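Data first, discussion second: the structure below is written as structure tokens.
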Ligand code: GUN
């Protein structure tokens, strides 16, 4: 059996188009476009690429994009003052501070300063708490995107065995919560898990989010399982001096066993920005006292 490839790129493009339609309707109803502010501190090359992509996607969806670039040696007080200004700016519905921040800045303190109702990353403890107790809030973009792909592929997740590998605040923990809320039976595996291959072999759904290149092998996968690979790892390519992107799953062996699998690149990656736009538009509706569209 060869697994069906889950086309995250196509799914993300469709979601962005849908966000664009709703964004146009929102602008009519609210008298202004929904707005997303992105803050980048320093010159980390990967972050610069992400921020540029977010800006482009925001504008393409018909939303207002406010970009703030600050030098790497920006003082905490300056960054916190900017966040405060964005919190009170009525044109700004969502705020994203690109991580990682330079080492001298306290990420938790900066996240805590963002208004929870504009925290479209879903990183604020208030939003983590809302997810935990089942109140409406904002859910981190990557795990929400994974859930969308899973539901699209599998439909009802009730009763399925899910194993999430990785326990980060950004992916693993919210992913486990979302799967639990969708009535899956969830195991969180991590670096101290005993006999990880045996644990993964139980799973109808595997979500790999550990940041270890090609760690999950095909013979760990239950035949027919749905495999979601969140990893984005750059490794040396066969050709001297070149690199290539691989996931946390050994795609070549897993594709022979799984029922469906996300490729890297082109699987989970494109979903993150699409869900960010979705979250920003939901924030705009809530902040304007409008009901967010049910199909977003
Ligand atoms: N850095 C890499 N991914 C993300 C993300 O989703 N949000 C933020 N704020 N920073 C990131």
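Worth a mention:
- Tallying residues that are surrounded by 13 or more Cβ atoms within 10 Å (Cβ to Cβ) and under 20 Å from residue 232 (Cα atoms) within the range 14-50 yields 4.
- Helices (runs of 4 or more DSSP H) wholly inside the range 61-168 containing at least 1 residues that are within 29 Å of residue 197 (Cα to Cα) and more than 15 Å from the ligand (Cβ to nearest atom): 125-133, 141-154
- Reported count of residues in the range 31-50, each being in a helix (DSSP H, G or I) and without any contact (Cβ under 8 Å) to a residue 40 or more places away in the chain, is 4.
The rows are residues; the columns are (1) more than 18 Å from residue 226 (Cβ to Cβ); (2) modelled with pLDDT of 95 or more.
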| site | (1), (2) |
| --- | --- |
| 169 | yes, yes |
| 176 | no, yes |
| 179 | no, yes |
| 184 | no, yes |
| 187 | no, yes |
| 191 | yes, no |
| 201 | no, yes |
| 205 | no, yes |
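- Just one residue in the set 88, 74, 58 is farther than 25 Å from residue 173 by Cβ and crowded, with 22+ Cβ neighbours inside 10 Å; that residue is 58.
- The listed residue being buried (at least 22 other Cβ atoms within 10 Å of the Cβ) and in a loop (DSSP other than H, G, I, E, B), out of 231, 224: 231
- Residue under evaluation residue 53, criteria (1) assigned to a helix (DSSP H, G or I); (2) buried (at least 19 other Cβ atoms within 10 Å of the Cβ); (3) within 16 Å of the ligand (Cβ to nearest atom), criterion not met: (2)
- Among residues of the range 282-296 that are within 16 Å of residue 89 (Cα to Cα), those with a beta-carbon under 6 Å from a residue that is assigned to a loop (DSSP other than H, G, I, E, B) at least six positions away or on a different chain give the pairs 283/93; 283/120; 284/34; 284/93; 285/292; 287/93.
- Tally, over the range 265-296, of residues that are touching a strand residue (DSSP E or B) at 6+ places or on another chain (Cβ under 8 Å) and surrounded by fewer than 16 Cβ atoms within 10 Å (Cβ to Cβ): 1
- Qualifying residue in the range 240-260 (condition: buried (at least 18 other Cβ atoms within 10 Å of the Cβ), part of a loop (DSSP other than H, G, I, E, B) and within 16 Å of the ligand (Cβ to nearest atom)): yes
- Answer residue from the range 169-182, given it is away from the ligand (no atom under 16 Å from the Cβ) and in a helix (DSSP H, G or I) and is nearest to residue 199 (Cα to Cα) among those: 176
- Single residue of the range 266-284 satisfying the filter (assigned to a loop (DSSP other than H, G, I, E, B) and more than 15 Å from the ligand (Cβ to nearest atom)) that is farthest from the chain's Cα centre (by Cα): 266
- Failed criterion for residue 206 (all others in (1) within 30 Å of residue 61 (Cβ to Cβ); (2) in contact with a helix residue (DSSP H, G or I) (Cβ under 7 Å, 6 or more places away or on another chain); (3) more than 16 Å from the ligand (Cβ to nearest atom) hold): (1)
The values are calculated or read from the model by the stated rules, or taken from the named source; none is laboratory data. It should be emphasised that the depicted structure is a prediction, and the values quoted were computed from it without experimental measurement. Cβ sites come from the backbone with ideal geometry, for glycine too, and all protein chains shown count toward neighbours.
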